[in-house]
Amino acid sequence: MQVQVKLFAFFRENRFIKEDRELPNGTTAGQVVDELDIDREEVGVLMLNSRHCKFDTVLQEGDIYAIFPVIGGG
Amino acid sequence: MADKIFRVNMTDLSTSIEDVPADWAGHGGRGLTSNIVAAEVPPSCHPLGPNNKLIFAPGLLSGTAASNSGRISAGAKSPLTGTIKESNSGGTSAQRLAKIGCKALIIEGQPKDDSWYSLLLTPEGVTISKEEELVGKGNFAVVETVEKRFSDKIGILSIGQGGEMLMTAANISVKDPDSHVRSLGRGGLGAVMGSKKIKFIALDAQDGKVAIADMDAFRAANKIFTKALVDHPVSQALGTYGSNVLVNIINEAGGLPTKNFSAGQFEGHEQISGETMHDIIVERGGKPTHGCHAGCVIKCSQIYNDLKGNYKTSGMEYESIWAMGADCTVDNLDQIAEMDHIMDDIGIDTIETAVAFGVAMEGGVLEFGDSEEMIRILTEEIAKGTALGRVIGNGAGSVGRTYGVTRVPVVKNQAIPAYDPRAIKGIGITYATSTQGADHTMGYTIATEILGVGGTADPLSKEGMVELSRGLQIATAAIDSTGMCLFIAFAALDDGTCLPALIDMLNARFGINLTAEDVTNLGMSILKTEHAFNTAAGFTNLDDRLPEFFATEPVAPHNAVWDFSGEEIDTFWNF
């Protein structure tokens with residue numbers, strides 16, 4: 001299945017901003033984080049199609065998946 | 001030296017130094033300005049008349065070595081909202097005031113003639129002088145000239161043309177350590193200063209120092225506190241990308257108000273994002289990391305250079321960039337930086353003014369995305385006080401009324417900032433119930449709803465949002481009294497050592513024994529004092545509501561509407 005993966009802040013360094021990735025059916029949000037060699041401890045927010053999700057959320061064909069480090073502002 | 005109240009009467013041009021009344025002794029920053037306004041300002045007074053008072057107060061820890069303690073509060077009855085107002089800012093003034101021994105500066109009355117004045121504060125007292133040279137000038141000229149008259153160490157609070165012309169978007173500028181300016185931004189306090197005919201206030205601390213009751217305990221607590229701040233990952237991201245790191249995540253969540261709040265995502269988000277801004281700054285030899293006051297360890301500010309590598313502006317916040325950017329559909333950071341610089345010079349709030357531009361675009365005054373026309377209006381209309389300039393310089397509500405626009409994002413006539421309350425519902429409770437009109441900083445539910453700091457909450461659900469906003473508004477009122485930057489809250493929400501260390505510092509500074517419960521009670525008492533002032537000024541629960549369009553116009557991508565009932569909102573005050 002194809003999923004669009006988006007990275008933010010320093011997660012982009014030596015990786016990418018946005019990429020369409022071919023993933024096996026049943027891939028979870030956490031598995032993509034691991035595959036990108038991102039430390040789960042550094043992950044602040046995961047969003048799937050503009051809604052928050054968790055490491056064990058299973059991705060679906062056509063999903064837009066965003067991975068953010070711990071960030072804040074205001 | 002015991003801290004004193006410095007009082008200036010602009011009607012008879014007299015000054016006095018008074019002992020601090022027992023009721024005010026435990027207060028600083030917002031707690032103090034709000035208590036003084038509540039005690040001395042008639043709630044029904046005209047905000048620009050002689051009976052309003054303008055109060056400045058450093059926080060309880062300002063002027064000490066406590067990290068991030070350099071925030072100053074300004075208070076008055078707001079000419080924008082008609083409510084009580086506390087606006088706070090970094091810069092060097094809080095530290096100067098504290099070292100002068102000034103717990104609060106109260107400015108009352110109003111000159112009977114058309115003369116302009118300046119104030120000079122030293123540990124000995126206040127001198128009032130007539131001012132002619134700087135009348136009609138912007139803040140950068142004021143800072144440059146006042147530094148030449150005194151020294152570059154002088155603290156400066158000043159107004160630009162916006163404040164002189166009593167525009168309700170006018171702010172008060174606060175000189176920062178690099179002689180640029182920060183802003184006491186919201187609520188039109190620059191107009192109150194203008195109504196007192198004060199162009200600037202110079203703060204000369206000489207060799208004044210802040211007394212600490214127990215220095216060893218203070219140092220030990222500050223070490224723990226500082227470590228909690230420095231170690232928190234949010235602090236680290238703020239130092240790299242600034243608060244503008246939020247553009248992309250709020251856009252992703254569908255809560256980035258776009259094109260005058262008609263959509264929740266902006267096509268040009270990447271061009272105005274913190275990541276892009278960071279790269280531009282580095283490429284042009286600016287500074288991505290910069291503190292707005294000495295002692296800040298988070299350093300969310302930045303120095304942004306223009307295409308030629310020359311200084312353009314600093315301290316661009318997410319909310320300012322959002323307002324000029326997504327809300328007006330401008331996707332060019334250089335244009336945004338130019339406008340930020342101009343608004344700092346004129347002395348007008350970037351949020352209020354840019355949201356007013358968004359409403360003006362809706363009303364057909366100019367096209368969405370036309371940043372060249374925005375720049376022209378800023379310099380040729382607002383700075384010069386033309387009729388159009390005054391309509392926009394009086395804020396989003398003013399523009400909506402003038403041009404018959406119904407989609408006007410204000411609460412209590414103050415512009416709603418950078419988070420759509422339909423897609424991020426908790427912040428809508430803060431906008432509705434804040435004692436000061438729409439203001440995200442009053443109870444920053446975004447931390448929990450979007451950022452996952454201090455727990456999590458579903459931003460599209462109403463569940464628990466009143467309680468979340470209430471808890472944060474109480475905590476914020478207390479933090480705003482300490483002189484601490486609100487960005488300590490991220491560490492405070494996640495790191496159990498942070499708040500106890502802050503309380504230990506307060507105790508060591510004053511030789512007292514505050515508990516965490518005392519601090520919560522302080523926050524509750526401040527909110528109730530502010531609410532009581534508003535009630536006496538004629539506000540009711542029906543003013544704690546969002547504009548109608550939020551309930552009737554679904555916002556993409558979630559097609560969410562604002563669905564809190566009035567009764568649900570009103571439970572906020574059940575404490």
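Average the reciprocal distances over every distinct pair of alpha-carbons in region B:233-282, invert the result, and give the Kirkwood radius in Å.
Values: mean 1/r = 0.0890 Å⁻¹.
Roughly 11.2 Å, rounded to one decimal.
With an 8 Å cut-off on Cα pairs and a minimum separation of 6 or more residues, tell me the relative contact order of region B:294-437 in percent. Reported relative contact order: 19 percent.
Close amide H pairs (under 5 Å, H built 1.01 Å from N) link residue B:109 with B:10, residues at least 5 positions away or on another chain.
Per-residue ellipticity at 222 nm computed for the protein assembly as shown from its helices equals -10000 deg cm²/dmol, with DSSP H segments shorter than 4 residues left out and the rest contributing -39,500 (n - 2.57).
Reducing region B:1-72 and region B:200-218 to their Cα centroids gives an inter-centroid distance of 17 Å. Couplings 3J(HN,Hα) of region B:442-447, computed from phi: 5, x, 7, 5, 3, 3 Hz, in residue order, whole Hz [Karplus 6.51 cos²θ - 1.76 cosθ + 1.60, θ = phi - 60°; x for Gly and Pro]. Converting phi to 3J(HN,Hα) with the Karplus coefficients 6.51, -1.76 and 1.60 and the offset θ = phi - 60°, region B:30-43 yields 4, x, 6, 4, 5, 5, 5, 4, 4, 7, 10, 9, x, x Hz in sequence order, with x at every glycine or proline.
Give the cross-link partners of residue B:175 among the aspartates and glutamates, using a straight C-alpha distance below 14 Å as the criterion and excluding same-chain residues fewer than 8 apart. Residue B:175 reaches B:144, B:147, B:152, B:204, B:344, B:345. Rounded to the nearest 5, what is the percent of antiparallel bridges among the DSSP beta bridges in chain A? Among the beta bridges of chain A, antiparallel pairing accounts for roughly 75 percent.
Would you calculate the convex hull of the Cα atoms in region B:248-416 and tell me its volume per residue in Å³?
119
Partner aspartates and glutamates whose Cα lies under 13 Å from the Cα of residue B:4, excluding those fewer than 8 positions away in the same chain, are identified as B:18, B:19, B:124. When both region B:260-324 and region B:397-476 are represented by their alpha-carbon centers, they are found 23 Å apart. For region B:55-99, the C-alpha radius of gyration divided by 2.2 N^0.38 Å, with N the number of residues, is 1.24. Shape class of region B:4-203 from the alpha-carbon gyration tensor: rounded, with the ratio a/c of largest to smallest axis under 1.5.
Do any chymotrypsin sites (Phe, Trp or Tyr not before Pro) in chain A lie in a loop, going by DSSP, with at most 13 other beta-carbon atoms within 10 Å of their beta carbon, and if so which? Present the calculation step by step, with values, prior to reporting the outcome.
Working: sites: A:8, A:10, A:11, A:16, A:55, A:65; in loops: A:8, A:16, A:55.
Here the sparse-neighbourhood loop sites are A:16.
Sorting the segments B:288-297, B:310-319, B:371-380, B:532-541 by their mean number of nearby beta carbons within 10 angstrom, highest to lowest, gives B:310-319, B:288-297, B:371-380, B:532-541. Shielding by partners for peptide B:244-253, expressed as the average number of C-beta atoms from other protein chains within 10 Å of each residue's C-beta, is 5. Between the amide H of residue B:410 and those of B:416, distances stay under 5 Å, these residues lying 5 or more places away or on another chain, with hydrogens modeled in the peptide plane. Once you sort the root eigenvalues of the Cα gyration tensor of chain B as a ≥ b ≥ c, which label holds: rounded (a/c under 1.5), prolate (a/b larger than b/c) or oblate (the other case)? Because its axes are fairly even, with a/c under 1.5, chain B counts as rounded. Taken along its principal axes, the alpha carbon cloud of the protein assembly as shown reaches lengths of 79, 59, 55 Å, longest axis first. Taking amide H as placed 1.01 Å from N in the peptide plane, the amide H of residue B:302 sits under 5 Å from that of B:315, B:316, each at least 5 places away or on another chain. Site pair residue B:284 and residue B:571 shows an inter-label distance of 4.9 nm when each label is modelled 7 Å from Cα along Cα→Cβ.
Calculated FRET efficiency, residue B:332 and residue A:61, Cβ-Cβ r, R0 45 Å, to nearest 0.05? E(calc), rounded to 0.05, equals 0.80.
With a ≥ b ≥ c the root eigenvalues of the C-alpha gyration tensor of region A:2-54, is it rounded (a/c under 1.5), prolate (a/b larger than b/c) or oblate?
Note, shape of region A:2-54 comes out rounded.
Note on the protein assembly as shown: antiparallel DSSP beta bridges, both residues inside, total approximately 80 percent of the bridges counted.
The mean number of partner chain beta-carbon atoms within 10 angstrom of a residue's beta-carbon across peptide A:49-57 is 4. The largest-to-smallest principal axis extents of the Cα set in region B:189-303 are 54, 45, 30 Å. Phi-derived couplings, Karplus 6.51 cos²θ - 1.76 cosθ + 1.60 at θ = phi - 60°, listed residue by residue for region B:169-183: 8, 5, 10, 10, 8, 10, 5, 9, x, 9, 6, 9, 10, 10, 9 Hz, with x used for Gly and Pro.
For an R0 of 51 angstrom, estimate the FRET efficiency from the Cβ-Cβ distance between residue B:152 and residue B:563 and round to the nearest 0.05. Write down the numbers at each step before the final one.
On the way: r = 54 Å, r/R0 = 1.06.
It comes to 0.40.
Can you figure out the FRET efficiency of residue B:213 with residue B:129, using R₀ = 45 Å and their beta-carbon distance, to the nearest 0.05? Could the numbers behind the result be given before it?
Details: r = 36 Å, r/R0 = 0.81.
FRET efficiency, residue B:213 to residue B:129: 0.80.
Express the relative contact order of chain B as a whole percentage, based on alpha carbon pairs under 8 Å and six or more residues apart in sequence. Show your work: numbers first, answer last.
On the way: 1434 pairs, mean separation 93.6, N = 575.
Relative contact order here is 16 percent.
Comparing mean-square fluctuations of A:25, A:14, A:49 from a GNM of chain A with C-alpha springs under 10 Å, the top value falls on A:14.
Give A:54/B:223; B:85/B:199; B:112/B:528; B:85/B:148; B:103/B:528; B:259/B:528 a once-over and call out the pairs whose C-alpha atoms are over 28 Å from each other.
Numbers: A:54/B:223 35 Å; B:85/B:199 20 Å; B:112/B:528 35 Å; B:85/B:148 33 Å; B:103/B:528 22 Å; B:259/B:528 36 Å.
Beyond 28 Å between Cα atoms: A:54/B:223; B:112/B:528; B:85/B:148; B:259/B:528.
Note on A:36, B:472, B:542: ascending count of other Cβ atoms within 10 Å places them as B:542, A:36, B:472, the fewest first. The C-alpha atoms of region B:134-253 occupy a region whose extents along the principal axes are 48, 46, 23 Å, arranged from largest to smallest.
Only the Cβ atoms of Lys and Arg (+1) and of Asp and Glu (-1) were treated as charged; on that basis the dipole of the protein assembly as shown about its Cα centre amounts to roughly 1780 debye. Across region A:2-54, the relative contact order, built from alpha-carbon pairs under 8 Å that are at least six residues apart, equals 27 percent. Packing, taken as the mean count of other beta carbons within 10 Å per residue, orders the peptides B:9-20, B:212-223, B:405-416 from highest to lowest as B:405-416, B:212-223, B:9-20.
Give the order of B:225, B:564, A:68 when sorted by the count of other beta carbons within 10 angstrom, beginning with the fewest.
Numbers: B:225 30, B:564 20, A:68 24.
Result, fewest neighbours first: B:564, A:68, B:225.
Run the dipole for region B:335-412 about the Cα centre, Lys and Arg Cβ at +1, Asp and Glu Cβ at -1, nothing else charged, and hand back the magnitude in debye, nearest 20.
Working: 6 positive and 13 negative charges, 106 e Å.
Here region B:335-412 has a charge dipole of around 500 debye.
We did not get these values from a lab; they are worked out from the coordinates using the rules stated. Please read all numbers here as calculations on a predicted model, not as lab measurements. Quick reminder, even Gly has a Cβ in these numbers, built from the backbone with ideal geometry, and neighbours come from all protein chains shown.
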